[in-house]
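What follows is one structure encoded as structure tokens, with my remarks underneath.
The values are calculated or read from the model by the stated rules, or taken from the named source; none is laboratory data. Just so we're clear, the structure is a prediction, and the values are computed from it rather than from any experiment. Reconstructed Cβ throughout: ideal geometry from the backbone, glycine too, with neighbour counts over all protein chains shown. SASA here: full protein model, heavy atoms, side chains in, ligands and nucleic acids out. Shrake-Rupley method; radii C 1.70, N 1.55, O 1.52, S 1.80 Å.
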Amino acid sequence: MAQESAAPKSIAENSLPNIELLNVSGNEAPWSIISDSEGIKTYRKEVPGGEVFPLKGVTILNAPIEKVLTLMLDDNRAPKWIDLLKKIKLIKTYSETQYTLLYEMESPLPLFVKKRDFLLESNFIYHKEEEKVTLSLHSVEDDSVPEQKDYVRGHIYKSEWNFIALKEEGKTLVSLEYHVDPRGLIPKWMVRAFQKNWPHATLKDLDRYLQNEAIATNPILYDIAPDLMD
């Protein structure tokens with residue numbers, strides 16, 4: 001008799017005892033918690049004179065780190081779980097872990113706000129001493145990639161994912177930090193309203209996708225972060 005598949009776990013059931021490992025308190029200014037819901041904590045950092053603020057989401061994903069990292073390296077799957085993402089286009093490849101990418105985003109209010117795109121350098125780095133993997137992205141300029149007709153070219157000052165394996169539990173501690181200016185004519189109060197919910201929505205969809213989809217480990221991870229692989 002076939003066994004029924006186990007019901008997906010809820011990240012709301014996870015606790016965050018190792019939250020300090022992902023540097024939730026920054027060096028420049030303290031992070032202030034603005035949401036603690038469904039197992040996801042969201043923080044904001046005040047920037048003097050800034051109209052858009054850095055945000056951070058932290059949670060524990062119900063998946064081992066090799067599955068999480070494999071998904072992070074798969075740009076074709078990214079629109080399935082990154083909130084508002086339409087597609088990612090590969091522009092240039094520098095190495096197996098460094099690229100230039102064009103992120104095309106949907107508009108949260110299509111009738112009033114134009115779509116955004118972001119030309120980004122992406123770096124995937126394993127920090128052996130800390131046993132942590134970082135995926136960092138930031139905006140770059142490239143004359144070979146002009147602004148698209150139906151998009152406004154936004155700017156990402158910083159977008160950083162950090163992953164730590166919780167090997168005994170078979171789970172992964174993750175933080176997502178980003179500081180984004182969509183530019184254009186959107187009032188900044190509206191930008192802040194949209195952005196504050198984005199970490200929560202993205203991390204929740206990421207956990208759901210990891211549990212519902214079969215994802216075979218990317219062999220490159222055995223070269224990049226062999227100590228983290230089972």
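Amide H contacts of Ala63 (H built 1.01 Å from N, in plane; Pro and chain starts excluded): Thr172 sit under 5 Å, all sequence-distant by 5 or more or on other chains. Placing +1 on the Cβ of every Lys and Arg and -1 on the Cβ of every Asp and Glu, with no other charges, gives the chain a dipole of roughly 860 debye about its Cα centre.
Considering only DSSP beta bridges whose two residues both sit in the chain, what percent are antiparallel, to the nearest 5?
95
A value for volume of the Cα convex hull per residue in Å³ was derived from the coordinates, and within the list (i) 140; (ii) 153; (iii) 175 it appears as (ii).
For the chain, give the percent of accessible area contributed by carbon and sulfur heavy atoms, probe 1.4 Å, rounded to a whole number. Carbon and sulfur together cover 49 percent of it. 3J(HN,Hα) couplings calculated from phi for segment 177-182 with the Karplus curve 6.51 cos²θ - 1.76 cosθ + 1.60 (θ = phi - 60°) are, in sequence order, 10, 8, 9, 10, 10, x Hz; Gly and Pro show x. Between the residues Tyr151, Leu85, Leu120, the greatest Cα displacement towards the positive end of the dipole of the chain, with unit charges on the Cβ of Lys, Arg, Asp and Glu, is found for Tyr151. The amide H of His155, built 1.01 Å from its N in the peptide plane, has Asp181, Arg183 as neighbours under 5 Å, considering only residues 5 or more places off or on other chains. Couplings for segment 211-218, taken from phi via the Karplus curve 6.51 cos²θ - 1.76 cosθ + 1.60 with θ = phi - 60°, read 7, 9, 10, 7, 9, 7, 4, 6 Hz in order; Gly and Pro are left as x.
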